[in-house]
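Visitor: I have a structure here, written as structure tokens, and I will follow up with some questions on it.
The values are calculated or read from the model by the stated rules, or taken from the named source; none is laboratory data. Everything numeric in this text was worked out from a predicted model, so none of it was measured. Reconstructed Cβ throughout: ideal geometry from the backbone, glycine too, with neighbour counts over all protein chains shown.
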Amino acid sequence: MSIAGIRAALAADPQLGAGNVLPKLIEHGAPLDGPGIAFDRAVDGLPAWAGLTLGQLHERVAARAAWLIGRGVGPRDPVAVHVSSSADCFLNTLALNWIGAIPALMNPQLPADVAAEYIRRLRGTALLTDAEHRARLAGRDLAVGLVIDAAETGTGDPGAAPPPYRLHPDDPIAITHSSGTTRMPAAVVHSHGSLFAATRMIRLGSPRAQGTERILSALPSAHAAGIMTVNHALCNRSELLYLSQQRDGAAILDAIARWRPTGVFGFAVTWAELARFDLTEYDLDSVSLWFNTGDCAHEPHVRHLVAAGSRNIVTRDGVRRVPGSSFVDGLGSTEMGHSAFHITHRTDTERYGRCVGRPHVFADVALLDLKTGREVPVGEVGHFGLKAPTLAPGYWNDSVNTYRNRLGGYYLTGDLMYRDGDGYYYHVDRAVDSVDLGGGEWLYTAMSEERILKACPDVRDCTIVAATASGGVFTDVLLSLHAWADPTAERTAAIRAALSGAAAATLRNVVVIDDGQLILGPTGKVRKFLMRQRHLAETAA
């Protein structure tokens, strides 16, 4: 069957969802020698990088389904999955979905004490882990009855696997957690229907986009975006290489040169990491698409990427390849299930300033005044509220926060945004990071960082630390410089000029820091709350 025929059959199947894409592909006759998933580590005796065919992927998942059900894991059982490799993560996730269990995916970078408490709060039936994380968690009370070695699950008999569990759209098929930048990571539930809604509407409902023929993912595998990327690639019969390491820019660039993808998927922190490198020194010609989700990306990082790679364009003389690539940006979160907005940047586009574009067709977006519950007018900053079929049903074992973040039927994402007269939306900050300066003025840290990066080309990234002292607000700007930058150069005047008048009036110090001084969360985000605490303690000493 052709790719178009398979996609059409999938799109017409009302039972298809996030938890059964693999068995549905087999049911609809997708060729077994077609693409499954490639991993950067060997698995079950199959070499790294070569890629599992669809048939091999189906067999390896069936083996794990048989092994797991033979150990007593069954439908509705929450199973914590705490592993390092993308292969262990996805093969076991697909197997748990096969038998109707609920994989609770955990970022491998979680500190051991946080991971242990998170597992206890899940109140799950089992922990599936590898040797590395078993050692980290040794001696801690995890409150689970069964600890499963990920290295053993692939030894099951594929022929003994039961028929795939029949999933309803409301059935939970995964629990993933938030980034945990401000507190204990929140356990977010995803349903069979919610985590597939965007794939059905905007992926299967339109032609396969340029750049998605051969995808390299640098997204964390233990994330909702990881599950969606796997389903996106499988449904569109795209080749997919899923990396296990997302923080090593050199390794990502080497993987691009080696595997030659047409598209690269990542978070904003991925692009900040790649900003360290002179991309002209790497073979990136195969890349026509960079796809971002989660936090929106900074303009200098986007411009750095779209100048690399190449893409096809249609001319009067036919299709030709030209230098430069496309960058698709948006704004998403674990709870949103999929980016609600989209915008495409190329070398000739100019709509930046943290513009995340326009809403997707499935997204009902409102910018709300929390005091009145009403929408704010054009140009005014409001709290982002979302109604969408992609939204997570809630938080696992946490009804309080499930309902606390709702207003007038909208889910409040915690983001502050405004829209312009043309219907484009702009992200200014997370609500928890913004600072009330009084008199109707606000310090928006994310927007201020964006302006500083644009004003200072030798600054690779920056973090604004704001605090209150003697009744007033002061800010210190912490700069991470490019390797070629002069650390002694005076930048205060340029930074002050880049900020709004009210924000500039709070500027106290500009400090150059090295990467070792950054406090990062499991997904690589800067933990501003902890950065602020440490910086203020150091400056007060």
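Visitor: Considering the stretch 213-242 alone, what residues qualify as being in a loop (DSSP other than H, G, I, E, B) and buried (at least 24 other Cβ atoms within 10 Å of the Cβ)?
Guide: Ala218, Leu219, Pro220, Ser221, Ala222, His223 - these are the residues of the stretch 213-242 that are in a loop (DSSP other than H, G, I, E, B) and buried (at least 24 other Cβ atoms within 10 Å of the Cβ).
Visitor: From the residues in the stretch 299-321 that are at pLDDT 95 or above and in a loop (DSSP other than H, G, I, E, B), which one is farthest from Cys462 (Cα to Cα)?
Guide: Gly309
Conditions tested, residue by residue: (1) surrounded by fewer than 23 Cβ atoms within 10 Å (Cβ to Cβ); (2) closer than 23 Å to Glu132 by Cα.
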{"position": "Phe39", "(1), (2)": "no, yes"}
{"position": "Pro47", "(1), (2)": "yes, yes"}
{"position": "Val61", "(1), (2)": "no, yes"}
{"position": "Ala66", "(1), (2)": "yes, no"}
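Visitor: Tell me the residue from Gly337, Gly353, Gly373, Gly385 that is assigned to a loop (DSSP other than H, G, I, E, B), assigned by TED's automatic domain parsing to the domain that holds Trp290 and crowded, with 18+ Cβ neighbours inside 10 Å, please.
Guide: Within the list Gly337, Gly353, Gly373, Gly385, the selection yields Gly337.
Conditions tested, residue by residue: (1) touching a Gly at 6+ places or on another chain (Cβ under 6 Å); (2) among the aromatic types (Phe, Trp, Tyr); (3) assigned by TED's automatic domain parsing to the domain that holds Pro158.
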| site | (1), (2), (3) |
| --- | --- |
| Leu16 | no, no, yes |
| Gly19 | no, no, yes |
| Leu22 | no, no, yes |
| Leu25 | no, no, yes |
| Gly29 | no, no, yes |
| Leu32 | yes, no, yes |
| Arg41 | no, no, no |
| Thr53 | yes, no, yes |
| Val61 | no, no, yes |
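Visitor: Also: Among the residues of the stretch 269-278, are any free of Cβ contacts under 8 Å to residues at least 24 places away in the same chain and either in a helix (DSSP H, G or I) or not hydrophobic (A, V, I, L, M, F, W, C) (or both)?
Guide: For the stretch 269-278, residues free of Cβ contacts under 8 Å to residues at least 24 places away in the same chain and either in a helix (DSSP H, G or I) or not hydrophobic (A, V, I, L, M, F, W, C) (or both): present.
Visitor: Tally the residues that are farther than 12 Å from Thr125 by Cα, among the β-branched types (Val, Ile, Thr) and part of a strand (DSSP E or B), restricting the search to the stretch 48-83.
Guide: Residues flagged as farther than 12 Å from Thr125 by Cα, among the β-branched types (Val, Ile, Thr) and part of a strand (DSSP E or B) within the stretch 48-83 amount to 1.
Visitor: Quick one: which of Ser399, Ser325 is over 19 Å from the mean Cα position of the chain (by Cα), outside the structural domain of Ala104 (by TED's automatic domain parsing) and closer than 30 Å to Arg120 by Cβ?
Guide: Residue meeting the stated conditions: Ser399.
Visitor: Now for a different question. Failed condition for Arg404, given (1) touching a residue at least 40 places away in the same chain (Cβ under 8 Å); (2) out of contact with any Phe, Trp or Tyr (no Cβ under 9 Å at 6 or more places or on another chain); (3) not polar (S, T, N, Q), with all others met?
Guide: With (1) touching a residue at least 40 places away in the same chain (Cβ under 8 Å); (2) out of contact with any Phe, Trp or Tyr (no Cβ under 9 Å at 6 or more places or on another chain); (3) not polar (S, T, N, Q) applied to Arg404, the lone miss is (1).
Visitor: Just to check your reading of the model, which residue among Thr475, Thr488 is surrounded by fewer than 21 Cβ atoms within 10 Å (Cβ to Cβ), of a type in the set (S, T, N, Q) and either outside any loop (DSSP other than H, G, I, E, B) or outside the structural domain of Val356 (by TED's automatic domain parsing) (or both)?
Guide: Answer to the check: Thr488.
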